[in-house]
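Below: one structure, written as structure tokens.
The values are calculated or read from the model by the stated rules, or taken from the named source; none is laboratory data. Because the structure is predicted, anything quoted here is derived from the model rather than measured. As a convention, Cβ positions derive from the backbone with ideal geometry for all residues, glycine included, and neighbour counts pool all protein chains shown. Heavy atoms of the whole protein, side chains included, go into the accessibility calculation; ligands, DNA and RNA do not. Shrake-Rupley method; radii C 1.70, N 1.55, O 1.52, S 1.80 Å.
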Amino acid sequence: MRLSFFLLSFVLAGNVCLAQGIAVQPFLPKETPSADSPQQRERESGRRPRLVFRDRVAAHWFAENSRFWYRNDLPGGAKEFVLVDTESGARRPAFDHAGLAAALSAAAAAGYVADRLPFDAIAFPGDGESIAFLLDSATWIYDPASDRCARTDEEIAFPDEDRREENFRGRRRQGRGGSRSTRANSEASPDGQWTAYLKDHNVHLRAESGAEDVALSSDGTEDQPYGLSDWGPDSNTLTAFRIQPGERKEVYLLQSAPPGGGRAQFQSRPYALPGDKFPTYQLHLFHVAEKRSLKLEVDPFEHEWLRPQLHWNSDSRRFTWLQTDRGHQRLRVIEADARTGETRCLIDEHSDTFIWTAHTENLNLQIVTWLSETNEILYVSERSGWRHLYRLDPDGEAELQQVTSGEWVLRGIERVDEEARQIWFSASGVYPGQDPYLIHHGRVDFDGGNLTWLTSGNGNHTITWSPGRKHLIATWSRVDLAPVTELRRASDGALLCRLEEADTSGLESTGWKAPEVFVAKGRDGTTDIWGIVCLPPGFDPAASYPVIEDIYAGPQSSFVPKSFSAQTRYESLTGLGFIVVKIDGMGTANRSKAFHDVCWHNLKDGGFEDRILWMQAAAVKFPQMDLSRVGIYGNSAGGQNAAAAVLFHPDFYKAAVASCGCHDNRMDKASWNEQWMGYPVGPQYSESSNIDNAHRLRGNLFLIVGEMDNNVPPESTMRFAEALIRAGKDFDLLVIPNGGHGMGGGYGQRRMQDFFVRRLLGREPPDRNAPAGETATSATDGES
């Protein structure tokens, strides 16, 4: 019987942590292009023609890693092959395209042209000057010296187009350094001499030699069993937790129209809400030779969606673990002596608001990284007011050593090189004058010295690495700037060669327009608030347009897009005659700690003061924005925000569509809400509740919910609707049978569009229930 079984048996109480940041992404509508749009033609043809070229570089590196080639696919089916020398920074054609085309035409008795050669991949066999390629399942070689093409039986390896440079992507966490934790819940000791198991809720040992079993504990009960065993690396120590289970409370769903017919189906699953009782774990040590038990004098580990993880030091005498107190206002890294059971806090951080430890999935980092070779700890903290990296040597300095500093934000740890004592990372807010959300990449020594920025372009960066990491290929863009790709040197970040600048001529010929990036001051008069403005096609400077905001103000990330896209953003709404905006207000992440803290105990805030000021400033630049007709929509946390707009700010927002909203934070997952709204549950939950404030509704509200929403319980929307009814308020409600956590698919999208057409444009949408053959009047007739 495995010890891990007992954790499942006794403490899987509501351990469902559908992350607000994973399952709940900032809602972007599924665009519905017009019938004559290039996007629609793509779909009708079954393929998607490219409209942007030179926007990516898939490097194929030579064995010596000082050269690479790549292919550019160009308009009209043309292509070119490019060779880059990293030592000189030279970019040139990989070969004489015209010469090869002529030689191949002669050898194959066919007609080939230089910019449409009949192959996609090349190789450089032998001296590296000849070019090999595949044609009609045969291998050919072009010799530039003789200007001849010929078939060959030589076996030549060609690059795998699917892999390309993926093995060297910077986002891979090679060399991060791992834990020396042994196999949690393992039965057999590392030396194979013992087997640990549970009997009558207590920890027992069985020697492989066949000796009699030994009970290591005696205080385990059915209500508080032992579980989660972990052997020390030297097999002399066993740890286990005595577990007090939490409450197993469930959420219920009723599938009214199951596929295939039949009766409605009932579903339930564990789902912990704020304030529910969580499991607690009390750590015990067992010395195998002495058959002795020690209870560690440390606060129990109280958690619902994580279980404690121990990290053993290389000497097998000490182990550490991360412990975040419930309520997210205290974080500790605790070390224990495996022989004496004595403990000490290596890191003990307190916050008057929250320490961001849950729902960090949008960050490419862990709060604590244990280094296997040196026992050092890398720790990410906002204690300085900005998210930065710290280092602690438990065997050396008594204090945390700050590795990075400044008014910018650490966004990811890509690689830790313990041998070179360097950390490779991503960050934003690095360059004054740039959008503070743009991602850049850098490197720093363990002691904070030799900080080197590897990118500098005014855009959002992604990078790929050469084998050996001596060079990087950086591609950067903005929503209003097509991608630029550069070759840079890893040692100092120096620009060696600009490889490509994207060609958007094909895209621009369709009438595509980039969103307008706009920045204005927030509520404090000093902080910049960033967002985008998407204008209708055929924008008329003399016209007046209602405005719709796409909102998601969840504190676990920032949501305004920062990278280029060839898709026309919000086409289904701008095509109806709306200006669409998206904004990151205070209370969202990836800025300073003070910027983030606005959400604390106050999710109803939603950054609305900043959003309203931003739109008022944007209307000065774009006077066509009619701020007397402002609508808003969002999903999940964005649904909560959208409804809150017409509850708490009805003088500004006149119409809202709220789908699958967590309308009361006491009714949504504990893992998300306790971090931002606090624990224990107090009056701040009611103050931010859409349900408790339903009587405030003014303007127009449309609620959408999927009856099978597996993230936010549908009852949140239904109780909001019931509160609105009790308050005598008028609103629209759409329940999607079998619907999940979203706007309701294409049908829900269309209903949202119709709602805004009626409420903001003052027009009646087409009558989709008209008898077949009758022509319905388009809602956009006469609109600009």
- [ ] Give the number of residues within the range 500-518 that are modelled with pLDDT of 90 or more, charged (D, E, K, R) and open to solvent by 50 Å² or more (accessible area, probe 1.4 Å).
- [x] 3
Open item on the list: Can you list residue pairs whose Cβ atoms sit under 6 Å apart, with the first residue in the range 698-726 being farther than 11 Å from Gly639 by Cβ and in a helix (DSSP H, G or I) and the second being open to solvent by 60 Å² or more (accessible area, probe 1.4 Å) and at pLDDT 95 or above? Count only pairs 6 or more apart in sequence or on different chains.
Closed with: Ala721/Leu733
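Check Phe702, Phe731 and return the single one that is in contact with an Asp or Glu (Cβ under 7 Å, 6 or more places away or on another chain), buried (at least 17 other Cβ atoms within 10 Å of the Cβ) and closer than 20 Å to Glu549 by Cα. Outline the logic, then answer.
Working: Phe731 fails: in contact with an Asp or Glu (Cβ under 7 Å, 6 or more places away or on another chain).
Exactly one of Phe702, Phe731 is in contact with an Asp or Glu (Cβ under 7 Å, 6 or more places away or on another chain), buried (at least 17 other Cβ atoms within 10 Å of the Cβ) and closer than 20 Å to Glu549 by Cα, namely Phe702.
Looking at this structure, is Ser426 assigned to a loop (DSSP other than H, G, I, E, B) and among the hydroxyl-bearing types (Ser, Thr, Tyr)?
On the way: assigned to a loop (DSSP other than H, G, I, E, B): no; among the hydroxyl-bearing types (Ser, Thr, Tyr): yes.
Criteria not met by Ser426.
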Open item on the list: Between Asp85, Asp36, Asp136, Asp115, which is of a type in the set (Asp, Glu), under 30 Å from Leu481 (Cα atoms) and modelled with pLDDT under 95?
Closed with: Asp36
Open item on the list: Here are the criteria: (1) closer than 30 Å to His461 by Cα; (2) open to solvent by less than 30 Å² (accessible area, probe 1.4 Å). Tell me which single one Glu64 does not satisfy.
Closed with: (2)
Task: Residue that is farthest from His204 (Cα to Cα) [pool: residues in the range 218-249 that are touching a residue at least 40 places away in the same chain (Cβ under 8 Å), open to solvent by 10 Å² or more (accessible area, probe 1.4 Å) and in a loop (DSSP other than H, G, I, E, B)] - done: Lys249
Task: Per-region count, the range 307-351, residues free of Cβ contacts under 8 Å to residues at least 12 places away in the same chain and under 26 Å from the mean Cα position of the chain (by Cα) - done: 0
Open item on the list: On the basis of being in contact with a Ser or Thr (Cβ under 8 Å, 6 or more places away or on another chain), open to solvent by less than 30 Å² (accessible area, probe 1.4 Å) and at pLDDT below 95, does Val298 make the cut?
Closed with: yes
Open item on the list: Tell me which helices (runs of 4 or more DSSP H) are completely within the range 581-696 and hold 2 or more residues being surrounded by fewer than 18 Cβ atoms within 10 Å (Cβ to Cβ) and touching a helix residue (DSSP H, G or I) at 6+ places or on another chain (Cβ under 9 Å), or say none if there are none.
Closed with: 683-687
Open item on the list: Looking at the structure I just gave you, is Tyr431 in a loop (DSSP other than H, G, I, E, B), among the aromatic types (Phe, Trp, Tyr) and open to solvent by 10 Å² or more (accessible area, probe 1.4 Å)?
Closed with: yes
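Being of a type in the set (Phe, Trp, Tyr) and either part of a loop (DSSP other than H, G, I, E, B) or under 19 Å from Ser565 (Cβ atoms) (or both), is that true of even one residue in the range 474-486?
First pass over the range 474-486, keeping only residues of a type in the set (Phe, Trp, Tyr): 476.
Now drop any that are not either part of a loop (DSSP other than H, G, I, E, B) or under 19 Å from Ser565 (Cβ atoms) (or both), which leaves 476.
Yes, that holds for at least one residue.
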